[in-house]
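Below: one structure, written as structure tokens.
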Amino acid sequence: QVQLVESGGGLVQPGGSLRLSCAASGTSFSIYSMGWYRQAPGKQREMVAVITNPGITGYADSVKGRFTISRDNTKNSVYLKMNSLKPEDTAVYYCSTWRGTIQYWGQGTQVTVSS
């Protein structure tokens with residue numbers, strides 16, 4: 001069983017920055033890939049960024065160059081630094097990981113980009 005708890009969301013003006021955090025429970029955190037997803041109202045959930053065990057990263061085209069995913073295996077945590085935020089980045093952001101064929105999700109944290 002894996003539990004994921006996100007934090008760091010909020011209201012920010014266009015062009016601003018936020019840093020999301022996700023704390024994971026359970027053992028062997030360091031060997032698993034972690035990901036950030038988001039879901040805007042009326043839209044499907046989409047992948048934002050992923051980071052593998054050795055730290056290889058991947059990003060959605062819409063956030064490349066603006067968002068950075070990182071992990072701290074000593075703290076069982078993964079982070080998403082979001083810069084140059086746009087109104088279209090407004091969504092609930094979810095942390096996720098996989099154990100075999102099972103994908104686990106956090107409860108989500110709301111990010112709202114608005115002036």
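The values are calculated or read from the model by the stated rules, or taken from the named source; none is laboratory data. Everything numeric here is computed off the predicted structure, so don't read it as measured data. Quick reminder, even Gly has a Cβ in these numbers, built from the backbone with ideal geometry, and neighbours come from all protein chains shown. Remember, those area values only see protein heavy atoms, side chains included, never the ligands or the DNA or RNA. Shrake-Rupley method; radii C 1.70, N 1.55, O 1.52, S 1.80 Å.
Figures for the structure shown
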{"item": "Burial order of peptide ranges 6-18, 31-43 (average beta-carbon count within 10 Å, highest first)", "result": "31-43, 6-18"}
{"item": "Accessible surface, per residue, of the stretch 38-115 when the full set of protein chains is kept, probe 1.4 Å, Å²", "result": "53 Å²"}
{"item": "Model label zone, Tyr104; criterion: amide N under 15 Å from point 7 Å along Cα-to-beta-carbon; scope the stretch 20-57", "result": "22-36"}
{"item": "Förster radius 30 Å - calculated FRET efficiency between Val5 and Ser115 (Cβ-Cβ, nearest 0.05)", "result": "0.50"}
{"item": "Gaussian network model of the chain, springs between alpha carbon atoms under 10 Å - residue of Ser77, Ser62, Ser96 with greatest fluctuation", "result": "Ser62"}
{"item": "Net dipole in debye of the chain [+1 Lys, Arg Cβ; -1 Asp, Glu Cβ; about Cα centre; nearest 20]", "result": "80 debye"}
{"item": "Under 5 Å, built H, 5+ apart or other chain: amide partners of Ser33", "result": "Asn53, Trp98"}
{"item": "Values of log10 I(q)/I(0), in the order q = 0.13, 0.17 Å⁻¹, for the chain under a Debye, Cα-only, solvent-free model", "result": "-0.44, -0.76"}
{"item": "The chain, accessible surface, carbon-and-sulfur percent (1.4 angstrom probe)", "result": "49 percent"}
{"item": "Label-point separation in nm, Glu46 to Lys64, each point 7 Å along Cα→Cβ", "result": "1.4 nm"}
{"item": "Within straight-line cross-link reach of Lys43, lysines at Cα separation under 28 Å, skipping those fewer than 8 residues along the same chain", "result": "Lys64, Lys81, Lys86"}
